[in-house]
Structure formats: C-alpha cells, structure tokens
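Peer 1: Sharing a structure with you now.
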Amino acid sequence: MIYLDSAATTYPKYPSYSCAWLNANTPYGAESREALFDAENSVKHSLGVSSGKVAFGGTASKMFKYLFDKIGDAWSDSMSDADEDESKEAEIKWHSLLSSPYEHECIANGEKGIYVCNIDELKDKDIVKDKMWHNRIPITFCQLVSNITGEVFPVVDIGTVTRELDGFFVCDMTASIGKYDIPEHLEDFCDCVIASAHKFHGEKGQGFIWVSDRFNEWLNGIEYIGTPDVAGAVGTAYALMRSVVHYNLRCPEEWDNAVRNALFEQGVKYNTMSLSGAEDYTNDIVCLRIHGVYADALQVFLASKKIYIGVGHSSCEDGKERYRVLMHAGYSEKEASECIRLSFDGGVTPTTQYEIDEFAKAVKEFIVTYGISQEEQEDENEGN
C-alpha cells in the first residue's frame, strides 16, 4: 500500500500509545481525575501555553459545534438590553463572527451569517471594526495551515488585530499539528485552538479544544458533557506530545518538489494550486491540477492499485459547495475538479521516493489507458 493522504488521517502507531490509552482506562475515580488533569496539562505544554482551559471530547467538527453553542449562549446572556426585534435578528445573523474563505466546512456551513472575509481584510483593523454589529466584540476564525493546499496563513497578524478590538481569535490547527511550527507566544494573540487527533497519529473520533482564560470566562466556562473519555484524552495528549515535541511529523525531504519532478519525468502536465493571502507553505501538503483529468476518477483508479491520495476538496463536503475553497481563490469549477491533494508523513510512517515514483507512473498509466489528451493545456506547464 502507498498512502499519500496523511492530511486526511494518520495511523495511530506510536510505540507506547496503546499503553498510554490502557493506563488511563482505570476503574478508580481518583486515578482517572489525575490522568485527565495530566492530559490537559500535557496539551498546554505541547501548545506552549501556561494558562487557559483544555477539554477533550471529539473531533474538530464536534468541537466547533460545541464552541458555536457556547458562543450563542454567551451572546444570549449579553443581550438583555436589546429590544426583541434586534435580539431575533442577532440570533439569526451573528454579525460579529468573521472567518477566512478557506475554513473547514464545519465553520463555513456551521452557522448562518458568518462574514466571510479575505485574509487581507482580516488583517485590517478598520475593516474588522466595520463588520462589528452593534459594537459586538469580533470573533474571528482562521486555520494555520490550509488542509487543501498546505499554505500557511498569517494567524499572528489576524489574531493581533482581533485582540486590539477586544475580540477573540479562534485557530483551527487540525492540518498543521506536527507538520508546521506552532507560533510562539500563542497566548498573546490566540484565544482558542482546536484539532482532531487522527491528524497527528491519535485515535479517530478524538480531539481537543484549548481556550484562553479570558475567552473561557466570556464563554462561562467550557466543560465536559457527561462522563469524560479519560482514555481517549490521555491518548490524544500523548500523540500530540510525540508529534510536536519529540518526533515532529514534518517531512525531512521536500516531497512536494519530488512529486512535481516525478510527474514531469512521466510527461504529465500539471500546475500547482495556491490560495490568496498565504505567507508561507509546508512541504507536507501539495495541491496539483492534473490537466484534463477528473480527480475523483483518478482517485478511484489509484485506489484500485492501493495508492491512496486526496482530492481538491474536503471529504466532509458534497454537491456544489465541494470546490468552494479553490473556487473562492479564482479557479473555475472545471479546474478545481481536476485537482488532487498529496500529503506526506515524516514521522511514524515516512513517505519514500519509491512511493512517489510509483504514484507518478500510475497517473501516467491512467492518462494513457483512458486516452486523455493534455495538449490543450500546453500553455500551463510544470511549475506554474
């Protein structure tokens, strides 16, 4: 098997992960509370923060749903001075929620009335202030690394602007944990971090949320719903620690360039997809348009050969919205439908040159087998 889709999920293969999980699964209440406390502190240490509140309880999608519920409750509590009509409109529109256009669908489609702003707009204090409804404090959302293209967004600048307006900045680090450095002095500009454990060699269905003390107070406290999954929490904290502190999943080689070179050697025409507003990139994720090739069909063909890749949209989205991230960046639906995403692992199951070469050969085989012509795309050559 050749697995080139680590941005989708990773294999929980740390040597001591199972031991960490089992040790937490104790029947004794005191020991469980201590294990949960240690797991929460371990997450804070991995993030480089010394304060705030950590909670475990599901993937990033579930954590964002929980966060939106808490935000709604906090706003409802603060609206006692608004008249009834304004209150109803506010509950529907939530005008002070702002996000980049590249967020996961659990944010983009999670709540009505979120202002979608370009990255440059989120960095502009005057623009953000102008979108604050009735002087409500802004809550902005932006991922550190794009789960589609691997590009890095200026979250420090966005969070700093939000803080200057007494708002809260929420950062989705699901695609970046272990693959890109967590920004230093996180507490100075960020109020919330959310991530899914299966992205950094933890168990599926697990994840965490961290909120700053000021955000936690405004939210009236985040908490566990029901009995905490202590074993899941300990396993998540352990996988995070190994990913960030010890192993770091970042690839030691520039596999993104290796993929481009391998495709070029096979005579496959492609170009690299990029999003506006990014300030850096990680070589662990690359998004390429293979000219004339419908990506979903290529994905199925490669899977039949036990070569697994991603495509240019989140697996959580369907229908007309599936290409919204790339289309917002100015690409047509046809261009977006021809995009594949490759993502690599530099930690537990490192990607090899052999795997990349076999992938490129299989892509060429698909093009030849189905008689796909790439000649009409000659003006868009490799490396664009």
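Peer 1: Based only on other Cβ atoms within 10 Å, what is the fewest-to-most ordering of Leu165, Leu219?
Peer 2: Ascending Cβ contact count within 10 Å gives the list Leu165, Leu219.
Peer 1: How high is the FRET efficiency between Glu375 and Asn118 when r is their beta carbon distance and R₀ equals 30 Å, given to the nearest 0.05?
Peer 2: Numbers: r = 35 Å, r/R0 = 1.18.
Efficiency for this residue pair is about 0.25.
Peer 1: Now a separate question. Tell me which chymotrypsin sites (Phe, Trp or Tyr not before Pro) from the range 166-239 have a DSSP coil assignment and no more than 13 other beta carbons within 10 Å of their own.
Peer 2: Tyr224
Peer 1: Where does the charge balance sit around Glu187 when Lys and Arg score +1, Asp and Glu -1, over other residues with C-beta under 12 Å from its C-beta?
Peer 2: Working: positive: Lys44, Arg163, Arg214; negative: Glu184, Asp188, Asp191, Asp213.
So the environment of Glu187 carries a net charge of -1.
Peer 1: Can you sort Thr59, Thr352 so the residue with the fewest Cβ neighbours within 10 Å comes first?
Peer 2: Details: Thr59 20, Thr352 14.
With the fewest neighbours first, Thr59, Thr352 line up as Thr352, Thr59.
Peer 1: Same structure, new question: Assuming R0 = 25 Å, can you tell me the calculated FRET efficiency for the pair Arg33 and Asp213, based on Cβ-Cβ distance, to the nearest 0.05?
Peer 2: Efficiency for this residue pair is about 0.75.
Peer 1: To the nearest 0.05, how large is the calculated FRET efficiency for Asp130 and Asn41 if R₀ is 35 Å and r is the Cβ-Cβ distance?
Peer 2: 0.30
Peer 1: Sticking with this one: For Asp188 and Thr352 in one chain, what is 0.36 nm times their gap in residues minus the Cα-Cα distance, to one decimal in nm?
Peer 2: Roughly 55.2 nm would be gained on extension.
Peer 1: Please rank Val49, Val170, fewest neighbouring Cβ atoms within 10 Å first, as an exposure proxy.
Peer 2: Ranked by crowding around the Cβ, least crowded first: Val49, Val170.
Peer 1: How large is the dipole of the range 106-239 about the Cα centre if only Lys and Arg carry +1 and Asp and Glu carry -1, each at its Cβ, rounded to the nearest 20 debye?
Peer 2: Magnitude of the dipole: close to 380 debye.
Peer 1: Now, a different point. Once you compute Rg and the Kirkwood Rh from C-alpha atoms, what is the Rg to Rh ratio for the range 149-306?
Peer 2: Values: Rg = 19.1 Å, Rh = 18.4 Å.
Computed over Cα atoms, the ratio is 1.04.
Peer 1: What's the extension gain from Val368 to Lys306 if we count 0.36 nm per residue and subtract their Cα-Cα distance? It would help to have the intermediate numbers written out before the result.
Peer 2: Details: separation 62, 0.36 × 62 = 22.32 nm, distance 1.89 nm.
Net length gain for the segment: 20.4 nm.
Peer 1: From the phi angles alone, apply the Karplus equation (6.51, -1.76, 1.60; θ = phi - 60°) to the range 333-341 and give each ³J(HN,Hα) in whole Hz, x where the residue is Gly or Pro.
Peer 2: Working through the residues one at a time gives 4, 5, 4, 5, 6, 9, 9, 10, 10 Hz.
Peer 1: Please go through the range 143-245 and write out the GluC sites (Glu not before Pro) that DSSP classes as loop and that have at most 10 other C-beta atoms within 10 Å.
Peer 2: Glu184
Peer 1: I want to check the label-to-label distance for Lys204 and Glu265. Put each point 7 Å from Cα in the C-beta direction and report it in nm to one decimal.
Peer 2: Result: 3.4 nm between the two label points.
Peer 1: For Gly150, what is the net charge nearby, where nearby means another residue's Cβ is under 9 Å from its Cβ and Lys, Arg count +1, Asp, Glu -1? Display every interim value, and only then the final one.
Peer 2: Values: positive: Lys179, Arg341; negative: Glu151, Asp256, Asp284.
Residues close to Gly150 contribute a combined charge of -1.
Since every read-out is calculated from the coordinates, none of them should be taken as a lab result. If you're wondering where the values come from, they're calculated on a predicted model, not measured in any experiment. Note: ideal-geometry Cβ built from the backbone for every residue, glycine included; neighbour counts use all protein chains shown.
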